[in-house]
Amino acid sequence: MNNLQIPPEAIVSTSTTKPIELYAFIDPLCSSYFDLQPILRKLQVQYNHYFTLRVVLSTKLSSLNSTCNSVTINDDDFTHPALPSVAIKAAELQGKRAGMRYLQKLQEQLFLDTKNVATYSSLLTIAEQAQLDVEEFKSDIQSKEATRAFQCDLYISREMEVTESPSMVFFNEHIEDEGLKVCGIYSYEVYEKILAEMLNIELFRQEPPTLDELFLRYHTLSTKEVASIYGVTHYAAERELKKRMLLQQLERIPLADTNQWRLKTSTK
């Protein structure tokens, strides 16, 4: 962990009264973000009233400009290491929530369904699953706006000297103060402590939403996440999740150390 200053041009202003701005630097194709995601979600559930979250793509690339600026993406088999990241930024042009839904669906396809997410056709399928306007997405993924948005993320990563993914940077409401950069993944309690110290208060936890509301928000959650968010045992969480599976509301995806549960929707 270390302190840093953020240059003014790297800050995207947001109309918010929340005292903390949290930047999460991730590589969407790296499994480490999938490990960080439960921590971010629990922070949002418990302390969303204290901070604004911005996800910044810090994909490791060497030739973004030459490829993205010179190739027309109109072939179903077209692929490039930057393409999934540009697709996420294209989805964000339909709104922040649309971008987050797209990122979540992309990660599900990659890490739960073990599918290739680097082709144009696969990214269109994910857009359908994320309930985006697909025709608008087709246009946006080829637009300069999406490419520039991704380049802006890479610029912010460089300016904040973020070299490891995932990393998180915390800023308080006093822009002249130094931010706190946390590289790698720590226990949930570490991030709680950082929030409390930066705010200089005793944190107040929000009541979590109902389980059904939680799945409407995140679509896919593990038994471990559910148990952690609600402060119940693994057995109690699994029992509630199995009830919803029997009601055909959720589907279970067995993993090595836990079960993932995915909300069933009409668009899969």
Requested in this report: Quote the relative contact order of the chain in percent (integer), defining contacts as alpha-carbon pairs under 8 Å separated by 6+ residues.
Outcome: 24 percent
Report task. Let me know the shape class of region 70-159, please: from the alpha-carbon gyration tensor, a ≥ b ≥ c as square roots of the eigenvalues, rounded when a/c is under 1.5, otherwise prolate if a/b is greater than b/c, or oblate. Result -> rounded
Requested in this report: Go ahead and estimate [θ] at 222 nm for the chain from helices alone: -39,500 (n - 2.57) per DSSP H run with n ≥ 4, summed, over the residue count, rounded to 500.
Outcome: -13500 deg cm²/dmol
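A short reminder: the numbers here are calculations on the coordinates, not readings from a lab. Predicted model only: the values in this text are computed from it and were never measured.
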